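Visitor: If you scroll down you'll find the structure; I have some questions about it.
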Amino acid sequence: MGTQVTFDIDRKTTLAVFALIAATLSVLLLVASLVPPPASPSELLAMASRHRAAYGGFAGLVLAWAVFSVPLIVTLGQLLRPHGGTLAAIAQLLSAIGVLLLGFAIFTHIGAVLAIADASGPARAQDATYQAAIWSSLGFYLTDPGLMTWGLGQFLFGWIAWRSDLLPKWIAMIGMVGGVAGLSTLAVYQTSLLALVQLACFTVWGFATGIALLRARRTHWARA
C-alpha cells in the first residue's frame, strides 16, 4: 500500500513537471507569435532569408510545444474523467489531435517558406514570391483544422471543469473561452488573434494544472 501511494505521488510530480514545461513553452510561443507578420510575400521571403536561424528556432519551439502539450492534455483528461466520463475522453482525444495537427501545420508552413527562400535566385525571384504568396494563403487552411479541433476539446474540458469542483470556476471559464476562440477561427476570419487567445487560455490551464498537482503532493506529505 505504501509503495502504491509513493508511486501515485511520484506520478503526480512527473505530470506536474510536464504540465509546467508545456505552460512555459506556451508562454514562449505566445511571446514569439506577437511579432507582427510580414506585410507581403516578398517581405516574408526577405525575412526568412535574413533570419533563417530565428525561423528555424520558431519551428523547433512549435514542435517542442506540441510534444509537451500532449502529456498535459492527457493529465487533464485523467483529472476530469471521474467528473466527465466519456466526454472527458473525447475532449482529451480532440485536444491532442488538434494540437498535433496545429504543430505539424505551422512546422510545414515555416519549412516551405525556408525552402523557397533557399531555392530562390535572381532569375526566379518572381516565381519564389508567387510560391510564398500561395503558402501564406495556405497557412490559414493548414492551421484552421487544428485550431478548431483543439478548440472543441478545450471547450469540453472547460465545460466539465465548470460542472465539477476540481478547478476554480474562473479557470473553467477561461478554458471555455479558449475553446470558443478556436471554434470561431474559420467563421470570424481573425485566425491569428483568436489563436493567441486560445494559446493564452491553454497557458493558464497548464500552470493551473501543474500547481494543483504540486499542491496535492504537498498536502499528502503534510498529512503523512
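Laboratory data are not the source of any read-out in this text; all were calculated from the coordinates shown. Predicted model only: the values in this text are computed from it and were never measured. Don't worry about glycine lacking a Cβ; one is built from the backbone with ideal geometry, like all the others, and counts go over all protein chains shown.
Visitor: So if I place +1 on the C-beta of Lys and Arg and -1 on the C-beta of Asp and Glu, and nothing else carries charge, what would the dipole magnitude of region 2-223 be about its Cα centre? I want it in debye, nearest 20.
Guide: So the magnitude is around 720 debye.
Visitor: Taking a ≥ b ≥ c as the square roots of the eigenvalues of the Cα gyration tensor of region 2-223, is the shape rounded (a/c under 1.5), prolate (a/b larger than b/c) or oblate?
Guide: prolate
Visitor: Given a cut-off of under 8 Å on Cα pairs at least six residues apart, what relative contact order in percent is computed for region 2-223?
Guide: Taking the mean separation of contacting Cα pairs over the length of region 2-223, I get 28 percent.
Visitor: Another question, then. Just how far, in whole angstrom, is region 168-185 from region 42-67 if you go by their alpha carbon centroids?
Guide: Distance between centres, Cα-based: 28 Å.
Visitor: Take the alpha carbon gyration tensor of region 134-210, find the square roots of its eigenvalues, order them as a ≥ b ≥ c, and report rounded if a/c is under 1.5; if not, report prolate when a/b exceeds b/c, else oblate.
Guide: Here region 134-210 falls in the prolate category.
Visitor: Still on this structure, I have one more. All other residues with a Cβ under 15 Å from the Cβ of V74 taken together, and with Lys, Arg as +1 and Asp, Glu as -1, what is their net charge?
Guide: Here the charged neighbours net out to +3.
Visitor: Then there is this: Cα centroid distance between region 21-40 and region 91-107, in Å?
Guide: So the two Cα centres are separated by 17 Å.
Visitor: I would also like to ask the following. Just to verify a number: FRET efficiency for S42 and A216, C-beta to C-beta distance, R0 = 45 Å, to 0.05?
Guide: The value I calculate is 0.25.
Visitor: Compare the peptides 162-169, 29-36 by average per-residue count of other Cβ atoms within 10 angstrom and give them in order, highest first. Numbers along the way, then the final one.
Guide: Values: 162-169: 14.1, 29-36: 12.6.
Put in order of decreasing packing, that is 162-169, 29-36.
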